[in-house]
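The values are calculated or read from the model by the stated rules, or taken from the named source; none is laboratory data. All figures in this text were calculated on a predicted structure; none of them were measured in a lab. Here the Cβ is made from the backbone with ideal geometry for all residues, glycine too, and neighbour counts use every protein chain on show. The area values use the complete protein model at the heavy-atom level, side chains included, leaving out ligands, DNA and RNA. Shrake-Rupley method; radii C 1.70, N 1.55, O 1.52, S 1.80 Å.
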Amino acid sequence: MQRTPLTHSSLRTTATLFALWLLVFTAASQTIIITPILPLIGEALGVGTGPLGLLVSVYSWVLALAALVMGPISDRVGRRRVLLMGSGALVVALALHGWADTFEALLVMRVLAGAGGGMLSGAAVSYVGDAFPYEKRGWATGWVMSGVPFGLVIGIPLGRALAVAFGFRMPFVAFAGVMAVAFVLILTVVPQPDVQLSEERPTVRGALRQYAELLRGTGGTAAAAATYFLMYFGLSLLIVYLPQWLTARFAMEVAPFGEPLTVFGLPLDFIATLFLVGGLVSVVVGPQAGTLSDAVGRKPLILTSCLGLAVVTAAVPYVVTERWAAYPIYVAIMGLFALRMAPLQALLTALVPSRQRGAFLSLTIAVGQIGTGVGAAVAGVLYAEVGYAATTTLSAVVVLAMAALVWRWLPEPTEQAVDPEPEPVAEPAEAGVVAGETGAP
């Protein structure tokens, strides 16, 4: 396959960034939508609060496994092929959600979606690392990953409205259609960057050896993996049962002018508006944080985010005593999370050479998804047995632990990591001349 650099055409670059953005937007939306519609799923399928967390945990664990498999493959075959495989697989998996009429069937569909999501998990950010120089990578990563908060602004409120009006299956079917558009765009406008690909044939043994080497590495790779685990573990503790907690405390109808709010004729309730407002803030903060990190460094923004998020997280159950108070709290949560996301991902792309980037980012994302699954499982137990305050307190402690890890062990790269230069080989002595000879008779 011919490899085309992105730098030759600003129009091609813009089209590529949009294709990646749409992919991230859809993948994130279909993942996040589970949380705000958990109460609807439980009511429709007759499932209690505790088991609902399995929909998050199982998806995360399968995604982690698929990411670990696809990381070395993407280093071998190129990011573009993996983007096509993952987006195509996710189209099929999401469409199948329309036939999930039992909890067990829905769990199977989430397993399939997790496998498709795992193919994509590190590919979009790895592609940015391949296609953009390090000094512009924060900007490019910020724009691509702004698809996640746009999912909160557009995808989640619309998905929640579709679920309320037509049942919990409808959002997934709708996202299947959007992902199909992303697939076509990747097929038609996204080139394969001209970077060095791995020459090693992917095998299970080789992948395990490579991941072990990355975790034993001295360049901060192990600290990066641990950082991702703590970040998503803490976020899962905070977010998974937040809609359930709010639903139990407050009315869902939002009618500021006497009539319920609607979007495209569909009801827009409290949970939907909460995700909408928080997502708007993330849309603004994410790209700006990425660009700012190009100038001031990645770690200062990551640390600032962690410290602020720990305070806000711990305060949630004590501050949100009225429904309106949830809005500024959730705005702060999403803004602080966006402040660290693009800088952290840009930092990670520079820790290893391009031929290892897919495997490394897939490893960190897989570890992060394991953290999400563990967090959801722990949150289910704590929420059912102790209450939501226990989950937010533990989440704040985990965020502080992440801050300590970043400050002490995660390095701040100044340039892209490259393979070390090979040792120079001594030139062989010329015929008739040996060490110590002068050439005299």
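Quick notes
- The alpha carbons of segment 137-197 give a radius of gyration and a Dmax of 15.4, 50 Å, in that order.
- Under the Karplus curve 6.51 cos²θ - 1.76 cosθ + 1.60, θ = phi - 60°, whole-Hz ³J(HN,Hα) for segment 228-241, x wherever Gly or Pro sits: 5, 4, 5, 4, 7, 4, x, 5, 5, 4, 7, 8, 4, 9
- Distant-in-sequence amide contacts of residue 352, defined by a placed amide H-H separation under 5 Å and a gap of 5 or more residues or a different chain, comprise 417.
- Computed accessible area, residue 101, all protein chains, 1.4 angstrom probe, square angstrom: 100 Å²
- Compared with the rule-of-thumb size 2.2 N^0.38 Å for a compact globular protein, segment 1-127 has a Cα radius of gyration ratio of 1.20.
- The accessible surface of the chain, taken with every protein chain in place and a 1.4 Å probe, is 67 percent carbon and sulfur.
- Enclosed volume per residue, in Å³, of the convex hull spanned by Cα atoms of segment 205-259: 142 Å³
- Residues listed by number, segment 296-328, amide nitrogen under 19 Å from residue 253 label point at 7 Å toward C-beta: 323-324
- Here the Karplus curve 6.51 cos²θ - 1.76 cosθ + 1.60, taken at θ = phi - 60°, turns the phi angles of segment 110-116 into couplings of 5, 4, 5, 5, x, 5, x Hz, with x standing for Gly and Pro.
- D (Stokes-Einstein, µm²/s), Kirkwood Cα radius, segment 88-144, 1.306 mPa s at 10 °C: 121 µm²/s
- Solvent-accessible heavy-atom area per residue, rounded to whole Å², over the chain at 1.4 Å: 42 Å²
- HN-Hα J in Hz across segment 122-139 - Karplus 6.51, -1.76, 1.60, θ = phi - 60°, x for Gly and Pro: x, 5, 5, 5, 4, 4, 4, x, 6, 9, 10, x, 4, 5, 10, 6, x, 4
- Helix axis angle, 34-45 relative to the chain longest principal axis, alpha carbon, degrees: 50 degrees
- Reciprocal of mean inverse Cα separation for segment 247-378 (Kirkwood radius, Å): 17.2 Å
- Between helix 354-385 and the chain: long-axis angle, C-alpha atoms, 0 to 90°, nearest 10: 30 degrees
- Calculated P(r) tail over 30 Å for the chain, as whole % of Cα pairs: 42 percent
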